[in-house]
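Trainee: Have a look at this one.
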Amino acid sequence: MRKVVAAVLVVLAVAACGTPPPRDNTGFSKINYLTSFSTFGRDAYVYIALEKGFFDAEAIEVTITPGTGSVDVLKLVAGNRADFGIADFTATAITVAKEKLPVTAVAAIHQRSLAAIVSLEGNGISKPADLVGKKIGDQPGSTNQVMFPVYAKAAGIDPAQVQFVPSPPPSLPQLLAAGQVDGIGQFVVGTPLIEAAAKGRKAVVLPYGDLVPDLYGNVLVTSKQMAQNDPGLVQRFTAVLLRALDYAVEHPEETGQILKKYQPTQDAAVARAELDLMKWYVKPVGFRGPVGELTEPRVETVLRTLVGAGAIPDGSVRPGDVASFDLAPK
């Protein structure tokens, strides 16, 4: 009778905690992973982990799906349609504050925000004040658009005086090159792709991080259920991904070639150029922490910045609501 009762209690405990990711008949944990956006060079590090056998060494089998922007990634992870994903931290904090999604950040891919408005020379944009009255192409709900009011406040301009034009992300460089918009929402590392589309015209980049330097860039997110029920797997997956990230920014040319192997439509040279730029956001000059560092004091500072900019209500979200510091790299 005692054995029967014990067995029932185990079943009830598992049911209460939720179902962990399935394992196949080899004992590998099966993980669904979302990139931040498409399969550009900025997300190539996951293919390093695949190519180099980093996931295999930790008994993890990964299915990689191209993401379609931070908000979509967050909703898919919150709905248990993906186990891990990459999303901008500011967009994560704003979305959690507004929609109370059960997601949590466990590592910072970028120690500074990559978000920016990008234009081309000759478009009349060289500083933030020049954005007033201009048309900016971007996908509704994108990181750059969600964050723009924070940047606008820091720049001293009225965000309502900048018109965002709904535009499909894959066509943004072409729309800018064709002069259909004055600028586009884009990550800083997207500059090589834009200049390639513009056929020699130089990009003008207005990085949000120049005026709001405390903001993190992309972070690795998982569901709160996963973080609570299988912290060991979360830490194993995080460690593998960050190892691959570190390798990718130190070996950009090789990483570009590996990305093209898995994603033949991508340009290896453009991917290498993106990674060259991204290195200084993963490991900024003077940064002494581990790759992926995510700390409570800095998250608290970011949240205060968002409250001050009117992006989230005061008291709507606390550091522990958006990040699991016990699972972050130490």
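The values are calculated or read from the model by the stated rules, or taken from the named source; none is laboratory data. Predicted, not measured: the structure shown is a model, and the values here were computed from it. Note: ideal-geometry Cβ built from the backbone for every residue, glycine included; neighbour counts use all protein chains shown. Ligands, DNA and RNA are excluded from the accessible area calculation, which covers all protein heavy atoms including side chains. Shrake-Rupley method; radii C 1.70, N 1.55, O 1.52, S 1.80 Å.
Trainee: Take Thr222 and decide whether it is outside any loop (DSSP other than H, G, I, E, B), open to solvent by less than 30 Å² (accessible area, probe 1.4 Å), closer than 29 Å to Asp321 by Cα and of a type in the set (S, T, N, Q).
Mentor: Details: outside any loop (DSSP other than H, G, I, E, B): yes; open to solvent by less than 30 Å² (accessible area, probe 1.4 Å): yes; closer than 29 Å to Asp321 by Cα: yes; of a type in the set (S, T, N, Q): yes.
So Thr222 passes the test.
Trainee: Then there's this: Out of the residues in the stretch 27-46 that are of a type in the set (Phe, Trp, Tyr) and part of a loop (DSSP other than H, G, I, E, B), state the one that is surrounded by the fewest Cβ atoms within 10 Å (Cβ to Cβ). Give the derivation first.
Mentor: Taking the stretch 27-46 first, the residues of a type in the set (Phe, Trp, Tyr) are 28, 33, 37, 40, 45.
Going one step further and asking which of them are part of a loop (DSSP other than H, G, I, E, B), we end up with 28, 40.
Values: Phe28: 17, Phe40: 23.
Top of the filtered list is Phe28.
Trainee: Separate question: For the condition under 21 Å from Asp56 (Cα atoms) and free of Cβ contacts under 8 Å to residues at least 60 places away in the same chain, what is the one hit in Asp246, Asp276, Asp314? Full working, then the answer.
Mentor: Values: Asp276 fails: under 21 Å from Asp56 (Cα atoms); Asp314 fails: under 21 Å from Asp56 (Cα atoms).
Result: Asp246 is the single residue among Asp246, Asp276, Asp314 that is under 21 Å from Asp56 (Cα atoms) and free of Cβ contacts under 8 Å to residues at least 60 places away in the same chain.
Trainee: Let me ask something additional. Of everything in the stretch 102-143, what is hydroxyl-bearing (Ser, Thr, Tyr) and surrounded by 24 or more Cβ atoms within 10 Å (Cβ to Cβ)? Give them in sequence order. Before the answer, list the steps.
Mentor: Pass one, the stretch 102-143, residues hydroxyl-bearing (Ser, Thr, Tyr): 104, 113, 119, 126, 142-143.
Answer for the stretch 102-143, where residues must be hydroxyl-bearing (Ser, Thr, Tyr) and surrounded by 24 or more Cβ atoms within 10 Å (Cβ to Cβ): Thr104, Ser113, Ser119, Ser142, Thr143.
Trainee: Which of the following residues is crowded, with 19+ Cβ neighbours inside 10 Å and either among the hydrophobic types (A, V, I, L, M, F, W, C) or at pLDDT 95 or above (or both): Pro192, Pro231, Pro207?
Mentor: Values: Pro192 fails: either among the hydrophobic types (A, V, I, L, M, F, W, C) or at pLDDT 95 or above (or both); Pro231 fails: crowded, with 19+ Cβ neighbours inside 10 Å.
The conditions single out Pro207.
Trainee: Oh, and also: Scan the stretch 62-82 for residues that are among the charged types (D, E, K, R) and open to solvent by less than 70 Å² (accessible area, probe 1.4 Å) and report the count.
Mentor: Let us first name the residues in the stretch 62-82 that are among the charged types (D, E, K, R), namely 72, 75, 81.
Those left that are additionally open to solvent by less than 70 Å² (accessible area, probe 1.4 Å): 72.
Within the stretch 62-82, residues that are among the charged types (D, E, K, R) and open to solvent by less than 70 Å² (accessible area, probe 1.4 Å) number 1.
Trainee: Any residue at all in the stretch 259-274 that's closer than 23 Å to Asp210 by Cβ and either among the polar types (S, T, N, Q) or assigned to a helix (DSSP H, G or I) (or both)? Step through it out loud before you land on a result.
Mentor: Taking the stretch 259-274 as the starting set, the residues that turn out to be closer than 23 Å to Asp210 by Cβ are 273-274.
Pick out the ones that are also either among the polar types (S, T, N, Q) or assigned to a helix (DSSP H, G or I) (or both) and you get 273-274.
Yes, there is a match, as at least one residue in the stretch 259-274 is closer than 23 Å to Asp210 by Cβ and either among the polar types (S, T, N, Q) or assigned to a helix (DSSP H, G or I) (or both).
Trainee: Now for a separate question. Would you check if there is a residue in the stretch 256-264 being under 19 Å from Ser113 (Cα atoms) and open to solvent by 30 Å² or more (accessible area, probe 1.4 Å)? Please lay out each step first, then the result.
Mentor: Taking the stretch 256-264 as the starting set, the residues that turn out to be under 19 Å from Ser113 (Cα atoms) are none.
No: zero hits.
Trainee: Take the conditions touching a strand residue (DSSP E or B) at 6+ places or on another chain (Cβ under 8 Å), over 30 Å from Gly124 (Cβ atoms) and surrounded by fewer than 21 Cβ atoms within 10 Å (Cβ to Cβ) and apply them to Glu296. Does it pass? Outline the logic, then answer.
Mentor: Numbers: touching a strand residue (DSSP E or B) at 6+ places or on another chain (Cβ under 8 Å): yes; over 30 Å from Gly124 (Cβ atoms): yes; surrounded by fewer than 21 Cβ atoms within 10 Å (Cβ to Cβ): yes.
Yes.
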